[in-house]
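Following: one structure in structure tokens, then a few remarks.
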Amino acid sequence: MLRKILTAIDLTEDSKTVLEAGSKIAKAKNATVYIVYVLEPPNVPFFDELPTEEKEALLNLQKVLKEKAKETLSEYKQKLEAEGLCVVPIILQGQVVESVLEFSENNDVDLIIVKSHKKSEIEEKAIGSNSLRIASRSKIPVLVIKEDKTQYNHILVAYDFLPTSEEALKFSLDLASIYNSKITVIHVDNDSHFTHIKSVYEKVRQHKIEKLQKLKEEYPSVEVVYKEGLPEKEILKFSEEKNVDLIVTGKRKDKGGKLSFIGSTSYKILKGAKTAVLVFRSK
């Protein structure tokens with residue numbers, strides 16, 4: 001159930017896309033929208049060793065940014081309240097990723113929405129984007145918007161038969177009711193490395209196909225697709241060929257119970273997708 005939605009914004013035009021996505025879901029679910037802006041400390045090496053004038057100039061810039069944020073959040077609050085929404089503007093101070101995740105956990109948020117900003121290849125390899133890091137560490141679903149559109153007519157759900165993907169499908173069906181979306185479930189079989197025991201591989205493959213057929217019977221409105229190959233490659237290819245607007249992928253735990261994401265299929269989909277991606281994690 002979506003009761004609290006966190007929209008993480010900055011002071012750019014991209015924030016309007018995040019708010020539009022958040023407000024649409026909130027209207028349908030009668031949810032509270034938290035508009036969260038994080039004011040980061042000056043990212044200057046040896047700040048304390050700078051001359052007094054330079055330190056004061058940087059601190060004054062922080063004050064200007066904070067006032068600008070207050071003004072912007074107030075405007076957004078008025079706009080969304082005029083649409084009948086319950087809105088809570090929040091200004092946090094600290095690092096973006098840590099601040100957003102801590103706030104979401106402390107306030108029992110159900111969904112985080114962020115906009116992906118295009119970084120250079122060097123930056124992406126060195127630190128990753130804030131949106132990528134939030135999605136990788138969050139314990140709740142994160143919607144990462146990559147384009148300016150917020151109408152999701154075609155939702156693609158990556159399915160691997162694990163409980164997380166079943167929950168992700170149900171979550172996607174709930175979203176589809178808001179957007180009147182078509183839903184496609186895709187399973188990509190990458191068990192071809194078992195071909196040296198062909199009889200085992202064929203039995204497993206047939207079992208998967210039968211389970212997908214049962215899934216289709218359970219959800220008649222859902223299209224079910226079976227493919228073979230590398231999951232991230234086939235999912236991204238299908239997404240582009242079929243004009244998918246939103247990819248939903250689950251985040252599973254490793255054997256130690258910790259969230260496993262970096263290097264995973266979900267991680268590769270999030271990095272490679274040109275369209276919005278929702279990384280699902282059940283609370």
Those residues of region 226-243 which are open to solvent by less than 100 Å² (accessible area, probe 1.4 Å) and either assigned to a helix (DSSP H, G or I) or in contact with a Ser or Thr (Cβ under 6 Å, 6 or more places away or on another chain) (or both) amount to Pro231, Glu232, Glu234, Ile235, Leu236, Phe238, Ser239
(1) touching a helix residue (DSSP H, G or I) at 6+ places or on another chain (Cβ under 6 Å); (2) more than 26 Å from Val114 (Cβ to Cβ); (3) surrounded by fewer than 17 Cβ atoms within 10 Å (Cβ to Cβ) all hold for Val188 apart from (3)
If a residue must be open to solvent by 30 Å² or more (accessible area, probe 1.4 Å), touching a residue at least 40 places away in the same chain (Cβ under 8 Å) and more than 21 Å from Gln213 (Cβ to Cβ), how many such residues does region 175-184 contain?
2
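Tell me, which strands (runs of 3 or more DSSP E) wholly within region 57-155 include 2 or more residues that are modelled with pLDDT of 95 or more and open to solvent by 40 Å² or more (accessible area, probe 1.4 Å)?
By residue number, 86-93.
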State the number of residues belonging to region 1-33 that are open to solvent by 50 Å² or more (accessible area, probe 1.4 Å), under 24 Å from Lys66 (Cα atoms) and not basic (Lys, Arg).
4
What's the number of the condition Lys170 fails, among (1) touching a residue at least 40 places away in the same chain (Cβ under 8 Å); (2) closer than 14 Å to Val248 by Cα?
(1)
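The values are calculated or read from the model by the stated rules, or taken from the named source; none is laboratory data. Note that the structure is predicted; figures quoted are calculated from it, not measured. Cβ: placed from backbone, ideal geometry, glycine included. Neighbour counts: every protein chain shown. In case anyone asks, the SASA skips ligands and DNA or RNA and just uses the protein heavy atoms, side chains included. Shrake-Rupley method; radii C 1.70, N 1.55, O 1.52, S 1.80 Å.
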